[in-house]
Amino acid sequence: MIPLYKQQPFTAHREASWSRDGHNRDWRIIPPGGTLTLAELQGPGAVSHLWFAIDNVGKITDPLFPRKVALRIFWDGHDEPSVNVPIGDFFGVGHGTVSNYTSALFDMSLNPDAQRGAFNSWVTMPFAASARLVFVNESEYDVRVFYYGDYQQWGRFPEKTYYFHSAWRCETPCQPTPLLEGGEGANLTGDENYLILDAVGEGTYVDCNLSIANHDGGWWGEGDDMIFVDGETFPGSLHGTGSEDYFCHAWGMQDNCYPFAGTSLFNHNHERWEGNWTVYRYHVLDPIPFRKSVRVTIEHGHNNHRSDDYASTAYWYQSRPVAAWVLPPVKDRLPR
């Protein structure tokens, strides 16, 4: 939290889509397959706030655009992005869906009549030399975007300041571990867990969201979170007790969006936990530092016996910019 009552050690600036001709045409159009550079910033400084409003030029022609448009961020002139995530998932909701929710770091505000809305991030993203923010439209339609990119310019880049990273992956479906005599068996390795993050180097794991498409029926949880720091072996120093427990709820996920944990996409029509869900956990007050590596995993059902579709976004800081995972082709990241 910035102490607002003190003199600030930065100046505030913005890159935005306001109409340079002075008219009320405050948007940019990205054609199918096109790329839009949102901002090219010179450091040292930090991105402090992102706001986007996106549609298909006045309407929603493609309701899955949140999975087909990607946000990429490049730090300090690196050729590979350190942030490479579908926009919907980056802002906290999966399945190519726009939803109403709020949290400490991200939120969405849905216009229910048009299935479009506003996306916000308040994550601080420092950079020493430069930052380049890019949208890539991998859909079949024009995409219209209104945007703010608020940032700070610093006098210097403090020593031991880390760079923000975010990466997305999916398994559709997760591969189930066979039952043992009709039972779920024991997980004593964590090897078959769903992988949220696997990072090498020095940094801090700070948050994730997880989207579940329930294909197996019944309650989709009971998967323990297992986080292995600096090459730890099983059971690791951060070993949990179940999916809803890691996401700070109990006896299932409730329709709550709290500052650091909650359900950003809740299926209100469910009877036995079927349908699509997105849950999130932000380690703002309990960050997880690593010096050599971190591996963040969670079981898909106890002992990984379930074969639901999982997709996740990981957020972390690292001592130097590294490349995020490459996104799979659009067809492989769309909901089944």
field: segment 309-336: number of residues that are within 15 Å of A213 (Cα to Cα) and either among the small types (G, A, S) or surrounded by fewer than 23 Cβ atoms within 10 Å (Cβ to Cβ) (or both)
entry: 8
- line: Residue hits (segment 140-168; under 20 Å from A118 (Cβ atoms) and assigned to a strand (DSSP E or B)) are V143, R144, V145, F146, Y147, Y148, G149, D150, Y151, S166
task: Kindly indicate whether any position in segment 276-299 is assigned to a loop (DSSP other than H, G, I, E, B), outside the structural domain of V123 (by TED's automatic domain parsing), buried (at least 20 other Cβ atoms within 10 Å of the Cβ) and touching a residue at least 60 places away in the same chain (Cβ under 8 Å).
output: yes
task: Would you tally the residues in segment 110-139 being among the polar types (S, T, N, Q) and either at pLDDT below 95 or outside any strand (DSSP E or B) (or both)?
output: 4
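Mind checking which strands (runs of 3 or more DSSP E) fall wholly inside segment 29-89 and carry at least 1 residues that are buried (at least 21 other Cβ atoms within 10 Å of the Cβ), touching a Phe, Trp or Tyr at 6+ places or on another chain (Cβ under 9 Å) and of a type in the set (F, W, Y)?
On the way: elements: 35-42, 45-55, 69-75, 83-86.
It comes to 45-55, 69-75.
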- request: Name every residue in segment 249-275 that is at positive phi, assigned to a loop (DSSP other than H, G, I, E, B) and surrounded by 17 or more Cβ atoms within 10 Å (Cβ to Cβ), in order of residue number.
  value: W273
- line: L210 fails exactly one of (1) closer than 22 Å to G96 by Cα; (2) among the aliphatic types (A, V, I, L, M); (3) over 20 Å from the mean Cα position of the chain (by Cα), namely (3)
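The values are calculated or read from the model by the stated rules, or taken from the named source; none is laboratory data. Quantities reported herein were computed from a predicted structural model and do not represent experimental measurements. Reconstructed Cβ throughout: ideal geometry from the backbone, glycine too, with neighbour counts over all protein chains shown.
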